Structure formats: C-alpha cells, structure tokens
Amino acid sequence: MFVKVILEKKISSIAEFFFFDENKLSFVSLDAYDPKEHLILCLPKGHNSILLRVPDSIDSSSLCKNSSSISFIRDACLVSDAYTFLEITRFICNLSSRYDSPLNLAELRDQGFDSVQIIYEVYLSFFKCPDSEFFLKQQTIFADIIPRSKSFSQLFSYLVYIDKLYSILTKKNDALVEECIKTLVVIPTYGNLSYTCACLASIYIDLVVSLCNKGKAPLLDIVVNDDCYPEAGYQDDFLKLNRLNLVSAKINANNVGFLLNCNKTVAANINKWHKHIALLNNDVEVLPGWINGLLDTFSIFDNVGVVGSQQISFQGKIQDAGGLVWRDGSAWNYGKGSTPLSPEFDFARSVDYISGASVVILAHIWQELSGFDQRYVPAYYEDTDLCLAVQALGYKVIYQPVSRVLHVEGASCGSDIEDENSLKRFQAVNKTKFVHKWNSILKYKNENADNVDQSLHSQKIKSALVIEDLLLSPDEDAGSLYMMNNCLALQELGYSISYIPADNFCYMRDCCINMGLRGIEVLAHPRIKQIDDLRNVKGSIPFAYKRNWDIIVICRPCRIFSIKKLREFFPSSKIIYYTHDLHYSRLLSYAQNSARSDQKSKYERESQNMKQIEKDIFSQVDLVFHVSEEEQKEANQLCPHNSVYLNPVVDSPSSFEQSYKGGNDIVFVGSSSHPPNLEGIMWFLEKIWPDVSSEFQDSKLHIIGKSPSSSLVNLSSSFESVLLHGYVKSLQDVFGKCVIGIAPLLSGAGVKGKVLSYLSYGLGVVSTSYGAQGLPNIPVDVLSVADNSESFSEAIKAKLSVSPTSFKKNRCTANNYIQDYFSEESLIHKMKEGLDLLDCSYYKDVLSFAKYSSSELDVSYNQKNSLVYYRDNPF
C-alpha cells in the first residue's frame, strides 16, 4: 500500500530536506530530527509530492494525523499499486539515467518479480541518495524555477535552516573527518547577493548529502569576500552571512578587482591546516559530489596540482569540459553547448587549463606561485596562466567530470568583449600579455583547431586503445583489477587511455562513471557497436576529427579475429596482446582434474585448439604482455615472440601496521561464477573445513565473492562457523579479523589475485599448486603448498598454531614480498621494458603510479537503486 504526500507548494529552493520516521509513518521537524531514528529525504526543486510505502502493520491515516503540525504537507492520500507503478515509472523515465529502456519495467513483471516494490526502492533511492545527474535532470526540466530570484530574506532564512541541519548532522553523526585537514573555499564577489546565497546553499546541500550517505564530509572554511560593492544597504545584508557556521563574510576597504580580490582573500585567511584552496565564482551552484569529486582526484592520480569541475549552463548545456590552449594563445572551452552526460566528456583527463569558476589547487603550489599573476589585473587569462604555471612546476591539471557545477556565464564579469564598462574587454588585452609570457611553451602547441585528438590530452605524449571483453569492475574480479592498474600505469607513463568492452559493447553507466573518474574513456554503444566501426570512428566536438592510437592492447584469445582489421584501420599502431593467463594451460588443468572420461577428452581437445590460437596470436602481434615469468617462458617455448611479463598489482591496506585487528579467522576470496573458484571452495568445505573447525572452534571461515551459487549457499549454511559475505566493497573490513587466506584451487592458470591480496595484508597463505602459480621465490614461511585434503588441513592447523612473535614476523615477510615483486614500481619498470621493445616513447622519469583503490565516488548500481540491470541475488 502506498500514500501520496502532497506538499503545500512546488519546491522552489534548490532542494528541501524532509525528515521521515518510517516506523511511525510520520514527518518530524528539523528540531526533532535524530539521524539515528529518522530518514532524510532530499527533494530537488520542482517537486510537489512524494510517494511513500505504508507497512501493512500501520494505519495509513496516521500519516496525515501525525504530520498535521508539519506546515509543508497539504494532503496525504492512499493510492493504488497501479497508480504507483505508473507514477514512479514516469518519474524514473523522465529523471533518471539508471534504466536501459521502459522495457526494463515490463521485463520485471514478465519475470514474476514484485515490480511495484522494486521500482519503489529505485524511486526512493533518488531522494535518499541524490547525485549530480539527478539534480541536473531537475535543472533541465524545471529551468524556469530560479531559486536566486527570491528575496534576500527568503534566501537567508533557507541558509540558516540548512546551516542548522549541517550542524546537527556533524554533531550527532560524529561525521567530520580529520579536523587538522581543511579546504579553504574562496568566493570573490561584487554584488549579486542572491547569487552568493544560492551558491552557499548549494555547497551546504553537497555537504549534507555527503553526510547523509557517507557519514562524513570534507571540512571547509568558506570565505566570501566582497570587492566593496557600493549599493546602499547591500553591505549590511552581506555581513549577515557571518551568522552561518561555515562562512566568514568580509568586505574590502576599496575596490581592487577580481584577481587581487582572490589573492588578498587567500593570503588573509590561509593557515597551516589548509591543504587545498578552492576558488568558486558566486554565480555558480554546485551539484552533489562537487567537493569530494575535486578533492578525491588528488589521491586517484599522482602529482596533481589543480583539479577543475565540469561547468554547465542553467539551460543544461556544457560551458567547459577542460580547456585547450593553441599556439596563438587563444583558448577553447571544450564541449561548449554539448550534453553534459555524453561519454565524450565523461572521463577525467589532463588539460591545458581549467576555468577558474570552480577549481581546487594545492595550497603550497598557490603560495609558491604567489597566487594569480598580477600582470592580468583586473581579470581574464589569470586562470589559464595559473594552470600553465602549475604544469611548468611539474604538476598535472585535471578536468574531473564527477564534480559538476551550474554556472551563469557572464554574471561575474559580463559577456560583451566590446563593452567598455565590462571586465570582459580585458580578455583581448590580457591575451597579448599571456602570449608574451608563455611564448616558449606555446610554440609547441598545435595551431588553432589542428590535431584536436592530441590537443585534448595535455601532458600526454601518446595514446592507447584497450580492447577487453567487459567493462572493468576491479572490486569484483582480479582480471579487472589487473587491467585497471595496467591502464593507470600507462596513463602515468604519458598515455591517454580509450577502452572498448568488445564482448557486448554495452555502456553500463556505473562502470563507465568509475572508469571515467580514473581517466579512462569508454567507447561503447551507441558510438561503437562492433569492431568494424573503428574504421570510421571520429570525435565530434566541435567538429568531426579523426581518432587514432599509438598502441592497441587486445585481450582474450577471441580477439584473434580483430588483429587483421586493426592492422588495416590503424597501420601505424603497435598491437600488444595481454594474456591474463595461458588459456590452453588452464583448459589442460581442467582435463587433468576431470573424473569423467568424456569431459577429460572435451577439455583436451579444447586445450589443443586454444594452444594453436594463442600460438597464432603470439606470432601476429608486436608484443605480448604475460602475467608471470613462469608463463612467459612456457609461451616462448611454444612460439618465440617479443614479450615481457607484467607483475600484477593488487589491493593493499591503507595502513599495514593497523590492518590486523585481532582474530583467528580464515578467508577465501573468489566469485563462484568462475568455475575453479566454486570447485575449490566446495572441495574445501566438504573435505577440509570439518576437520579444521572441529579442532579450532573459535575460528570462522569468511567466504567473499559476488553471486555465490545456490550450491555454495546451501553447503555453507550447514556450518555455523562459515560466514558467506557475498560481495564486499572493502576487503580490509574482513581481512582485519583473519590470519590465513586460502586458495584451494584444483585447476587454473596465471597469477591469482586472491593470493596477492592475502600477502599484501600480511596473511599466511595455504594453497594448492594451482593457487601458487607465478609466484617467484615465495618464502615458505608465508605460503604453504598442499595438494590433498589431509596436507591442506594440516598446513592450516600449523599456521593457526604459530606463536604471536612468528605471526608478526611472517606478516612483515608477506608484505615485503609483495613490495619486492608485485609493487607499482615493478609494474612501471616492466611496462617500460615492453615499450622499449616497441620503440614507443614514454616519460622516462616516472618510477611509480597511483594504483587503483576504491573511492567514495564510485557508483554501484543494483536492484535497490537502478533498473539498468536487475539481479535477483541478495549478494
């Protein structure tokens, strides 16, 4: 049963927060709100109602009764399942990118699911966990609702309200992160107080949404500094902003202009706790994820100096998606007028410059440069100059589309370059100064509008195309993790990365967001529908331009049929094959482990066929990347070829010393959709765990891995000591309780990611020979090899019985082994070795890279928040 709650009027502020008690089916006021008891629902502008589910145990009429004191509710009425389905379906189709087509909804019913309940969960997720895409859709549809057009008293009342909510959340949630690390947010103004209020309100909304959904938010010091706007009564209203907890409002004694206003405000307010400085125009409204998107980028990539947002007009079109600077000193706002969610603008990349309307810079770099160069007083070209100066110091300038802002272009400085009363006239004047200062750099830039493909990726000297089976999900499988780190290493060596999921060419939104966050461009449907489409693939903004790549990395044996076409389409490109493992060897292990003769014969035939395919690939490509020295030697005996081995890089604890929390548990990691994993853990549960658990009754077995099969669920449920977790976002939460990681694999090939993860966390490892493949010189103290149930059981018991001193020593030995053989430095070294074989250039001074780690910004679509794909699986 559902109730439609109708509001007094359509929401005209940026967003409103409602506090809902699901157990009592009632709304409460802000004063009565308790984060531990009540659900926060965030409704963006334009909404005038919300649908809520009524539990069967509650009288639906109580909603009106219990909420009668809440002024914003006009009515609440029961609605049918049919009405609910139609209303929510319309909402999702109009305001969401989290569905493939309306057919998704019909398919739910065809499959016998409770479709109303399912889409209600998705519907409610938008209000519980709103994101920038959702807010952007509201802006496009309800563009006529302009919060900043309200009176100052209305806007200020709203600011006081949301400031109070922020304070409640930080106090009751204990949510603030390290108090010693802050970001100084500087908002220079000159009048337009309504814009400033709307800007501040949007920052508060971003912080509140982060607190509600992540339990934490960055700590900001916001300084709004007005450049002595002379209107009567303005300054008194402006100084009222000081009543807000996060805001310090100040006024210059005299007008100094935009550039000096920024410089003086930073200089007067920066302190030792400020690691970053954010510069934000007051004619900007930030969208949820704004500040986290900017700040997280400094940890996702190495050596970042400046990060900037995707800037969008209030009409819903891109204003700036990373700037290009040409040889004559002119500049492009890339993507201007295009759709913000287009894949062409949906990935982070190094750029020439970022518009100063929304940027974050490392504080020590700003101070080293003394802020904006004063030759550009009063304004224009100061942000472009700053970015080139940051690059000259050896730092990256990154455009990050996960951080989005709405921007009223021209509200700050005007838009007419011919207007003598507008600051815009200084654009032409300062261009001449800019060219004079940076001529030694600009002469290496391309001519205006020439070679756009190369110009889009400042600080990248080459480009790479990766053709894999599926989009990367590095938290879910080792193959994705290996390839993600290979891509990140190539990026650091100076390569821009494009990626094609060639198995189905499906553009799965959550994976694409997570890959784009890390600078990987995804080429998929509808831009690419088959490999043949690469023949004519082009960029389209601002005009069609030819795409090309210096190296092409192909994966999986099925790509053999693409090699000839790729040679034809890109004759100058070098083609690399990444093995993941020797597939023929893995199939042969299946045959050796098969009890049935017909299966054994089947796998032997498949192994022989695969051996020929892999042999043909090795002979046709320019270079092969193997995953271990062991497999490299075996493959070269099969067919001599150019090759190097790339030691995989895996997850590691944020603090190794503090990663072990105490406990005596055992862990297995592996998706049961991969046959060797399911076969191995079932064998372990049947043959080994009963013996171990009977002797060590305080030990638990943790099984981690998405989509556990019904057979695994049933078998594990027969043991009280077995905890079946399914997918786990953070391994550290489980690994911290464990002392042993197991790899009871009865078949397979390649280097096992689970074993490397165990070692990086300092766990002792018990493995079969298959699980220990590709590990050179592994110390026997940390990894025991056992190939039958009796010896496997005894090896586990031995490791569970070691002394605390030996355990501590073995933890360090395991972690040191990973650092010696499977570190970021070793991967960079081997990748350079491969590029040298191809005579491909790269940045010689790069020694390491920022390996993959999960981010608070990562998105995961599931049955609770999306209709993109529905999985009837609780794990």
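The values are calculated or read from the model by the stated rules, or taken from the named source; none is laboratory data. Quantities reported herein were computed from a predicted structural model and do not represent experimental measurements. When we count neighbours, we look across all protein chains shown, and the Cβ atoms used for this are built from the backbone with ideal geometry, even at glycine. We work out accessible area using only protein heavy atoms, side chains counted, and drop any ligands, DNA or RNA first. Shrake-Rupley method; radii C 1.70, N 1.55, O 1.52, S 1.80 Å.
A compact table of results
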| item | result |
| --- | --- |
| Solvent exposure of the chain as accessible area per residue, Å², 1.4 Å probe | 40 |
| Integer Hz, Karplus 6.51/-1.76/1.60 couplings in order for region 496-510, x for Gly and Pro | 7, 10, 10, 9, 10, x, 7, 6, 9, 6, 7, 8, 7, 4, 5 |
| Karplus 3J(HN,Hα) series, Hz, for region 205-213 with 6.51 cos²θ - 1.76 cosθ + 1.60 (x for Gly, Pro) | 4, 4, 5, 5, 4, 5, 5, 5, 9 |
| For region 778-830: rounded, prolate or oblate by the Cα gyration tensor [a/c cutoff 1.5] | oblate |
| For region 656-822: lysine pairs under 14 Å (alpha-carbon distance), excluding those fewer than 8 apart on one chain | 8 |
| Ranked by how many other beta carbons lie within 10 Å on average, peptides 19-32, 124-137 from highest | 124-137, 19-32 |
| Rounded D (µm²/s) - region 718-764, Kirkwood Rh over Cα pairs, Stokes-Einstein at 10 °C, 1.306 mPa s | 129 |
| Accessible area of region 656-822 belonging to carbon and sulfur atoms, whole % at 1.4 Å probe | 50 |
| Relative contact order (%) - region 656-822, alpha-carbon pairs under 8 angstrom, separation at least six | 24 |
| Tilt relative to the chain, helix 824-837 - C-alpha long axis, 0 to 90 degrees, to 10 | 80 |
| Charge tally in the Cβ shell below 12 Å around F127, where Lys, Arg are +1 and Asp, Glu are -1, F127 excluded | -2 |
| Rounded to 10°, Cα long-axis angle of helix 675-687 versus longest principal axis of the chain | 60 |
| Unit charges at the beta carbon, dipole of region 656-822: most positive-side option, V713, S659, S694 | S659 |
| Amide proton proximity set for S248, modelled H, under 5 Å, gap of 5+ | I222, V223, V224 |
| Relative contact order for the chain, counting Cα pairs under 8 Å that sit 6 or more residues apart, in percent | 10 |
| Loop-resident sites, region 669-754, for GluC sites (Glu not before Pro), counting at most 12 other Cβ within 10 Å (DSSP) | E720 |
| Tensor-based shape of region 656-822 (alpha-carbon gyration tensor, a/c under 1.5 rounded, otherwise prolate or oblate) | rounded |
| In Hz, Karplus ³J(HN,Hα) per residue of region 550-561 (6.51, -1.76, 1.60; θ = phi - 60°; x = Gly, Pro) | 6, 10, 10, 9, 10, 10, 6, x, 5, 6, 4, 6 |
| Counted charge near N225, where neighbours are those whose Cβ lies closer than 14 Å (Asp, Glu -1; Lys, Arg +1) | -1 |
| Computed over the chain, Kirkwood Rh from alpha-carbon pairs, angstrom | 29.7 |
| Rounded to 10°, Cα long-axis angle of helix 115-128 versus longest principal axis of the chain | 50 |
| Exposure of D450 as accessible area (Å², to 10), given a probe of 1.4 Å and all protein chains | 80 |
| The chain, dipole about Cα centre (Lys/Arg Cβ +1, Asp/Glu Cβ -1), debye to the nearest 20 | 640 |
| Positive dipole terminus of region 425-567, leading residue within M515, S498, S458 (C-beta point charges) | S458 |
| Formal net charge of residues neighbouring K250 (Cβ-Cβ distance under 15 Å; K, R +1; D, E -1) | -2 |
| Where only C-alpha atoms are counted, convex hull volume of region 667-726 per residue in Å³ | 65 |
| Value of [θ]222 nm, deg cm²/dmol, for the chain, DSSP H segments ≥ 4, -39500 (n - 2.57) each, nearest 500 | -11500 deg cm²/dmol |
| Over region 586-695, relative contact order from alpha-carbon pairs under 8 Å, at least 6 apart, % | 14 |
| Dipole magnitude of region 656-822, debye to nearest 20 (Cβ charges: Lys/Arg +1, Asp/Glu -1, about Cα centre) | 460 |
| Charge dipole (the chain, unit charges on Cβ, about Cα centre) - positive-most of A201, S619, N439 | N439 |
